[in-house]
Amino acid sequence: MTAMTIIVAVVVFWALFVLGMLIGISIHREATRRRVHRLDLEEYRRGRRRLEEARRGSRDPDED
């Protein structure tokens, strides 16, 4: 192999590695964003249920 072939192979390898890392980070970030949104939504609904129960007089809104 000539020196130029080795250099091109190393550059291609690192370019693919960096591209793979960026794609992986992006996928992980999106999955985390969805998970956090889902948890926030559940917490919001739980709070709404707690307020509705308190409004009907069945329990204290701050009681867990």
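The values are calculated or read from the model by the stated rules, or taken from the named source; none is laboratory data. Note that the structure is a prediction, hence the values are computed from the model and not measured. For neighbour counting, all protein chains shown are included, and Cβ atoms are generated from backbone atoms with ideal geometry for every residue, glycine included. Surface areas here come from the heavy atoms of the whole protein model, side chains and all, with no ligands, DNA or RNA. Shrake-Rupley method; radii C 1.70, N 1.55, O 1.52, S 1.80 Å.
Taking the Cα centre of the chain as the origin and placing charges on Cβ (Lys, Arg +1; Asp, Glu -1), which of ILE23, LEU41, ILE6 is farthest toward the positive end of the dipole?
Checked the options; the winner is LEU41.
Sticking with the crude label model, points 7 Å out along Cα→Cβ, report the distance from MET21 to VAL8 in nm, one decimal please.
2.5
With +1 on the Cβ of every Lys and Arg and -1 on the Cβ of every Asp and Glu, and nothing else charged, how large is the dipole of the chain about its Cα centre, in debye rounded to the nearest 20? Walk me through the numbers before you get to the answer.
Details: 13 positive and 10 negative charges, 50 e Å.
So the dipole magnitude of the chain works out to roughly 240 debye.
Label ARG55 and ARG33 with points 7 Å out from Cα along Cα→Cβ: what is the distance between them in nm?
3.3
Compute the helix-to-body angle for 3-55: its Cα long axis versus the longest principal axis of the chain, expressed 0 to 90° and rounded to tens.
Between the helix axis and the principal axis of the chain, the angle is about 0 degrees.
So, with a 1.4 angstrom probe, what is the percent of accessible area on the chain that is carbon and sulfur? Numbers along the way, then the final one.
Details: 3810 of 6020 Å².
Ligands and nucleic acids excluded, carbon and sulfur give 63 percent.
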